[in-house]
1. Step by step: first the residues of the stretch 92-105, then only those that are modelled with pLDDT under 90 and touching a strand residue (DSSP E or B) at 6+ places or on another chain (Cβ under 6 Å), then the one that is nearest to Pro51 (Cα to Cα). Which residue is that?
2. What are the residues in the stretch 101-123 that are under 13 Å from Trp60 (Cβ atoms) and out of contact with any Phe, Trp or Tyr (no Cβ under 9 Å at 6 or more places or on another chain), if any?
3. Out of everything in the stretch 46-87 that is within 22 Å of Glu20 (Cβ to Cβ) and polar (S, T, N, Q), what residue ends up being modelled with the lowest pLDDT?
4. With respect to the numbered conditions (1) in a loop (DSSP other than H, G, I, E, B); (2) in contact with a strand residue (DSSP E or B) (Cβ under 6 Å, 6 or more places away or on another chain); (3) within 20 Å of Cys15 (Cβ to Cβ), which one is the sole condition not fulfilled by Asp66?
5. Restricting to the stretch 28-56, give me the number of residues that are farther than 25 Å from Gly108 by Cα, of a type outside the set (Asp, Glu) and part of a loop (DSSP other than H, G, I, E, B).
6. What about Gly112, is it in contact with a Pro (Cβ under 8 Å, 6 or more places away or on another chain), exposed (fewer than 13 other Cβ atoms within 10 Å of the Cβ) and farther than 11 Å from Ile44 by Cα?
7. Only one of Tyr106, Tyr100 is touching a residue at least 60 places away in the same chain (Cβ under 8 Å), touching a Ser or Thr at 6+ places or on another chain (Cβ under 8 Å) and either surrounded by 13 or more Cβ atoms within 10 Å (Cβ to Cβ) or not hydroxyl-bearing (Ser, Thr, Tyr) (or both); which?
8. Among the residues of the stretch 69-116, how many are in a strand (DSSP E or B) and of a type in the set (Gly, Ala, Ser)?
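The values are calculated or read from the model by the stated rules, or taken from the named source; none is laboratory data. Please read these numbers as outputs of a predicted model, since none were measured by experiment. Glycine gets a Cβ as well: all are built from the backbone with ideal geometry, and neighbour counts include every protein chain shown.
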Amino acid sequence: MGCRGSVEPPALGSCPGPVELHVSGGSTPIFTWQPACPMSALVITTNPSDPGARQAALVWEVSQTDDANRITPPVRFGIAPPGERSLPNPAAPLQTGATYRFSLYYRGTLGGDLIAVETLLTP
């Protein structure tokens, strides 16, 4: 698996410009992003656009209990950085050939999580 994705988000506070995602290959990829701004959540779901799918199902989520922006790269699939919660724990394994939706969120200055970058992954 490997991919790149970029979305121009609204102002991220101390994070200037668009966020670019990098994903390493393999069944336990490493996620990095530039600029390496702290984020509030990393979420991987099944792709609801896949044939036969009805809705997205959670594969793995890493987040802060208080939704603060503290998640920094790199993050390895299935291993939550210290102090962060992981759902489910352990993560459901990624299936070769399946398509997943990857979303990286940040906590906005007015509250609520906003998408910093979103892309599709296929291991």
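1. Thr99
2. Arg101, Ser103
3. Among those that are within 22 Å of Glu20 (Cβ to Cβ) and polar (S, T, N, Q), it is Asn47.
4. Evaluating Asp66 over (1) in a loop (DSSP other than H, G, I, E, B); (2) in contact with a strand residue (DSSP E or B) (Cβ under 6 Å, 6 or more places away or on another chain); (3) within 20 Å of Cys15 (Cβ to Cβ) leaves (2) as the failure.
5. 10
6. No, not satisfied.
7. Of Tyr106, Tyr100, the one residue that is touching a residue at least 60 places away in the same chain (Cβ under 8 Å), touching a Ser or Thr at 6+ places or on another chain (Cβ under 8 Å) and either surrounded by 13 or more Cβ atoms within 10 Å (Cβ to Cβ) or not hydroxyl-bearing (Ser, Thr, Tyr) (or both) is Tyr106.
8. The qualifying residues number 3.
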